[in-house]
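**Q** Before anything else, here's the structure in question.
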Amino acid sequence: MEKLIETIVEAIQEKKGKDIVSLDLTGFDGAICSHFVVCNADSTTQVAAIASGIEEKVEQVLGEKVWRIEGQQNAFWIAMDYLDVVVHIFQTELREYYKLEELWADAPIKKYEYEL
């Protein structure tokens, strides 16, 4: 699973996604997965490009296909389900509005610096 998260983060960085974090949800009863990866972008075009980049890179590097994708129609918030890892790609204003990380404030968080 670490390799999956690492590959997702690399794909986000390649498309210049911002404020990338992963939340470890393994200790939470009722969590739908073991990890969230969250990022944001300033436009719907970039949100869609990040999702596409993740899908391509994960399939290319790991041979894994995304199980389900929601939100591609408007690209304000795209959720990508890789079963154990769910990726949330927000348009910046929506991330600030929904404050997903605050809902899971007790979860261990890892922040990723921009590396390209």
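**Q** Tell me, yes or no, whether the stretch 89-111 has at least one residue that is among the β-branched types (Val, Ile, Thr), outside any loop (DSSP other than H, G, I, E, B), under 15 Å from MET1 (Cβ atoms) and touching a Ser or Thr at 6+ places or on another chain (Cβ under 9 Å).
**A** Scanning the stretch 89-111, I find no residue that is among the β-branched types (Val, Ile, Thr), outside any loop (DSSP other than H, G, I, E, B), under 15 Å from MET1 (Cβ atoms) and touching a Ser or Thr at 6+ places or on another chain (Cβ under 9 Å), so the answer is no.
**Q** Can you name the residue in the stretch 89-106 that is under 15 Å from ILE20 (Cβ atoms) and of a type in the set (A, V, I, L, M) and is also least open to solvent (accessible area, probe 1.4 Å) among such residues?
**A** Per the criteria, the residue is ILE89.
**Q** Now a separate question. So which of VAL47, VAL38, VAL86 ends up being touching a Lys or Arg at 6+ places or on another chain (Cβ under 8 Å) and either without any contact (Cβ under 8 Å) to a residue 12 or more places away in the chain or buried (at least 17 other Cβ atoms within 10 Å of the Cβ) (or both)?
**A** Answer to the check: VAL38.
**Q** Let me ask you something else. Of the residues that sit in the stretch 14-35 and are of a type in the set (Gly, Ala, Ser), at pLDDT 95 or above and closer than 18 Å to TYR98 by Cα, which one is surrounded by the most Cβ atoms within 10 Å (Cβ to Cβ)?
**A** Restricting to residues being of a type in the set (Gly, Ala, Ser), at pLDDT 95 or above and closer than 18 Å to TYR98 by Cα, the top hit is GLY17.
**Q** Right, something else. Please work out which one of (1) more than 21 Å from LEU103 (Cβ to Cβ); (2) open to solvent by 10 Å² or more (accessible area, probe 1.4 Å); (3) hydrophobic (A, V, I, L, M, F, W, C) is the condition ALA11 fails and give its number.
**A** The one condition ALA11 does not meet is (2).
**Q** So, ALA75, is that one open to solvent by less than 10 Å² (accessible area, probe 1.4 Å) and either small (Gly, Ala, Ser) or not in a helix (DSSP H, G or I) (or both) or not?
**A** Details: open to solvent by less than 10 Å² (accessible area, probe 1.4 Å): yes; either small (Gly, Ala, Ser) or not in a helix (DSSP H, G or I) (or both): yes.
When the stated conditions are applied, ALA75 passes them.
**Q** Mind counting the residues in the stretch 19-60 that are more than 11 Å from VAL87 (Cα to Cα), among the acidic types (Asp, Glu) and within 13 Å of the chain's Cα centre (by Cα)?
**A** 2
**Q** Which residue pairs have Cβ atoms under 7 Å apart, sit 6 or more places apart or on different chains, and have a first residue in the stretch 56-75 that is over 24 Å from ASP42 (Cα atoms) and a second that is open to solvent by less than 90 Å² (accessible area, probe 1.4 Å) and among the aromatic types (Phe, Trp, Tyr)?
**A** What qualifies is GLU64/TYR82; TRP67/TYR82.
The values are calculated or read from the model by the stated rules, or taken from the named source; none is laboratory data. From a predicted model like this one, the values you see are computed outputs, not experimental measurements. Because the Cβ atoms are built from the backbone with ideal geometry, glycine has one as well, and the counts that use them run over all protein chains shown. Just so you know, the surface numbers come from the protein's heavy atoms only, side chains and all, with ligands and any DNA or RNA stripped out. Shrake-Rupley method; radii C 1.70, N 1.55, O 1.52, S 1.80 Å.
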